[in-house]
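Scroll down for the structure; my scribbles are underneath it.
The values are calculated or read from the model by the stated rules, or taken from the named source; none is laboratory data. None of the values given here were measured: they were computed from a predicted structure. Methodologically, a virtual Cβ is constructed for each residue, glycine included, from the backbone with ideal geometry; neighbour enumeration extends over all protein chains shown.
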Amino acid sequence: MSATPMLQLDGLKKSYHGKTALRGLDLTVNDNEIFALLGPTGAGKSSTLLASAGLIDLDAGRVNLAGRDVTEADPATRDVAIVFEGFNLLPVLDVKDNIAFALRSPEFREAEDEISRRVGRTAELLRISHLLDRDVGTLSGGERQRVAIARALVRRPVMFLLDEPLSALDLKLREGLRAELRQIHKHYQSTMLYATHDYHGAIAIADRIGIIDGGSIQQAGTIEDIYRFPANILVGKLIGSPSMAFLEARIEGGKVVVKGAAQSLPIEDFGTVATTSGKVVLGIWPEDMEVGPAGVEDASVGTIYAVDNRGFERAIQVETSAGSFRKVVPLSMPVTQGDPCTFRIPRGACFLFDVESGKRISQMGEGSN
């Protein structure tokens with residue numbers, strides 16, 4: 001059975017004072033899923049959410065929400081709840097009344113006993129029941145963000161729009177709130193569009209991910225599908241921790257030759273390739289790279305440029321003549337900054353990308369994709 005779209009964005013375009021924010025953006029968010037919009041600052045994440053909520057006027061494109069065209073609809077009639085990075089709480093109201101505020105609005109007004117029940121249940125889910133009678137000015141940053149999220153979640157809108165709601169919080173608070181958002185999603189079977197620049201946050205909370213940059217969606221799907229078939233170099237840079245390694249290479253004589261490397265890889269290893277000669281970029285996930293000490297026979301040489309300790313493991317940066325890459329290694333591996341090292345590129349684990357466009361030009365095990 002195919003998924004039912006809750007939000008359909010078609011060809012959205014938006015510019016601010018001549019600067020393009022959305023560049024023909026297309027996106028589908030399915031009913032009852034958490035969809036993470038992952039991209040760097042200025043990629044178009046906030047504009048996508050604002051367009052979905054009707055808070056900006058589009059230059060072009062259509063917005064379909066819960067089966068109806070809402071492109072020209074007033075924001076108040078769209079029945080979405082939005083949470084921004086800023087708290088936007090009302091200082092004249094206590095926590096309880098801040099959370100209940102939307103339920104007392106003319107558009108969504110509920111009976112007071114129903115308001116009390118919903119506020120209590122949402123506060124319990126977000127673990128802020130003990131704060132309900134407090135003034136918001138006495139709360140910590142983490143507590144205020146929980147109240148802001150509760151104010152949105154206390155409603156039962158057709159969709160939640162969450163714009164970097166956790167980015168101002170410390171790591172432990174972010175992890176805790178992500179878990180609670182997942183729990184709320186499961187409890188209410190809600191649909192959420194979650195914008196973030198945090199890769200770890202995206203994969204922790206989302207059913208599917210859309211990689212956005214330059215005002216358009218670069219690729220969308222499950223994290224497993226994106227790992228298996230990255231659409232372009234930009235996707236490889238934004239996915240993974242560490243992200244994909246990119247090395248200068250060329251195709252010649254039926255082989256892919258990495259610059260300065262001891263290895264060459266048969267072109268057949270890459271499936272169907274759009275070109276048979278010339279410069280290419282070879283991409284490989286660091287987890288598939290083999291890094292070892294200097295002197296390993298038939299391995300390519302590099303240098304340990306940096307070592308970042310992570311407690312139970314280390315992240316190293318390796319410099320090579322074809323480019324640099326980062327990789328996580330166990331503490332048991334002896335590495336020191338400046339040491340020579342070796343690396344191997346395993347067969348059947350790499351991708352080829354076009355030097356100019358950045359698009360993947362090798363296809364392996366994906367049919368016509």
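Evaluating E356 against the criteria (1) charged (D, E, K, R); (2) surrounded by fewer than 13 Cβ atoms within 10 Å (Cβ to Cβ); (3) modelled with pLDDT of 95 or more; (4) touching a strand residue (DSSP E or B) at 6+ places or on another chain (Cβ under 8 Å) leaves one unmet condition, (4). Restricting attention to region 223-233 and to residues that are surrounded by fewer than 21 Cβ atoms within 10 Å (Cβ to Cβ) and aliphatic (A, V, I, L, M), the residue that is nearest to V281 (Cα to Cα) turns out to be A231. Listed by position, the helices (runs of 4 or more DSSP H) contained in region 87-168 that have at least 1 residues being over 31 Å from the mean Cα position of the chain (by Cα) are 95-100, 112-125. Determine whether region 31-52 contains at least one residue that is crowded, with 16+ Cβ neighbours inside 10 Å, touching a helix residue (DSSP H, G or I) at 6+ places or on another chain (Cβ under 9 Å) and of a type in the set (K, R). No: zero hits.
Do you know which of the residues in region 326-348 that are touching a Gly at 6+ places or on another chain (Cβ under 9 Å) and surrounded by 13 or more Cβ atoms within 10 Å (Cβ to Cβ) is modelled with the lowest pLDDT?
M333
Run down E114, E143, E124 and say which single residue is under 30 Å from G67 (Cα atoms), among the acidic types (D, E) and in the same structural domain as G201 (by TED's automatic domain parsing).
Checking each option against the conditions leaves just E114.
Can we say A76 is at pLDDT below 90, touching a Lys or Arg at 6+ places or on another chain (Cβ under 8 Å) and assigned to a helix (DSSP H, G or I)? When the stated conditions are applied, A76 does not pass them. Of the residues making up region 290-325, those that are surrounded by fewer than 17 Cβ atoms within 10 Å (Cβ to Cβ) and within 18 Å of F351 (Cβ to Cβ) number 2.
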